[in-house]
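Quick notes on the structure that follows.
The values are calculated or read from the model by the stated rules, or taken from the named source; none is laboratory data. Since the model is a prediction, treat every value here as computed from it, not as a measurement. Cβ sites come from the backbone with ideal geometry, for glycine too, and all protein chains shown count toward neighbours.
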Amino acid sequence: MTTTTTNKPPIWFWIITVTALIWNLLGVSAYLMQVYMDEETHASLTEAELAMYENLPMWYTAVFGIAVFAGTLGCIALLLRKKWAYPIFLVGAIAVCIQMAYVVLSLKMANVMTILIIIVAIALIWYTKHANKKGWLQ
């Protein structure tokens with residue numbers, strides 16, 4: 001029989017985790033706004049913007065959903081101090097990289113936010129690995 005010991009995480013663990021959860025919930029919000037865009041929003045878009053949204057491939061929308069929901073689920077796992085946050089963040093980061101590659105290469109819409117999204121996804125993988133090493137996760 002193996003015994004798992006965990007250490008109590010410091011306050012900054014909770015601050016970072018809650019901040020990351022808010023970040024990912026903003027991503028979920030952006031995803032839901034894109035997927036369930038109403039007629040009023042459609043009417044406010046330029047023709048170029050409308051054409052871009054209408055021509056997004058289905059796989060892109062799926063990868064976007066995987067990225068934001070995996071990030072959110074990973075943050076919930078961290079709040080619960082669960083080790084399975086790591087593979088969830090890994091899946092989310094892979095989805096983020098695929099999504100952002102499409103944004104950069106096909107849509108040619110790279111900006112600071114594109115880079116920031118990738119950095120946060122990778123940082124959450126590192127952060128979870130660090131928390132696990134410190135014995136904060138079970």
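In table form, for the structure just shown:
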item	result
Lys83 under 22 Å from Leu21 (Cβ atoms), out of contact with any His (no Cβ under 6 Å at 6 or more places or on another chain), free of Cβ contacts under 8 Å to residues at least 60 places away in the same chain and not in a helix (DSSP H, G or I)	yes
Test set (1) at pLDDT 95 or above; (2) surrounded by 12 or more Cβ atoms within 10 Å (Cβ to Cβ); (3) over 13 Å from the mean Cα position of the chain (by Cα) - His42 fails condition number	(1)
Residue pairs meeting the criteria (Cβ under 8 Å; at least 6 apart or on separate chains; first within 18 Å of Pro57 (Cβ to Cβ), in segment 103-114; second in a loop (DSSP other than H, G, I, E, B))	Val103/Met109; Val103/Ala110; Val104/Ala110
Filter pass, Ile66 being aliphatic (A, V, I, L, M), exposed (fewer than 13 other Cβ atoms within 10 Å of the Cβ) and either closer than 16 Å to Phe13 by Cα or under 15 Å from the mean Cα position of the chain (by Cα) (or both)	no
Which numbered condition Met109 fails, given (1) among the aliphatic types (A, V, I, L, M); (2) farther than 21 Å from His130 by Cα; (3) at pLDDT 95 or above; (4) loosely packed, with under 15 Cβ neighbours inside 10 Å	(3)
Search result, residues across segment 74-83 that are surrounded by 17 or more Cβ atoms within 10 Å (Cβ to Cβ) and closer than 22 Å to Ser29 by Cβ	Gly74, Cys75, Ala77, Leu78
Scan of segment 84-101 for residues that are crowded, with 17+ Cβ neighbours inside 10 Å, of a type outside the set (Val, Ile, Thr) and out of contact with any Gly (no Cβ under 6 Å at 6 or more places or on another chain), ordered by number	Tyr86, Leu90, Ala93, Ala95, Gln99, Met100
Every residue from segment 97-137 that is farther than 16 Å from Trp14 by Cα, in a helix (DSSP H, G or I) and out of contact with any helix residue (DSSP H, G or I) (no Cβ under 9 Å at 6 or more places or on another chain)	Ala101, Leu105, Val112, Met113, Leu116, Ile119, Lys133
Where a residue in segment 24-36 is in contact (Cβ under 8 Å) with a residue 40 or more places away in the chain and under 17 Å from Met113 (Cα atoms) and its partner, wherever it lies, is surrounded by 12 or more Cβ atoms within 10 Å (Cβ to Cβ) and not hydroxyl-bearing (Ser, Thr, Tyr), with Cβ under 6 Å and at least six apart	Asn24/Gly71; Asn24/Cys75; Gly27/Val68; Val28/Val68
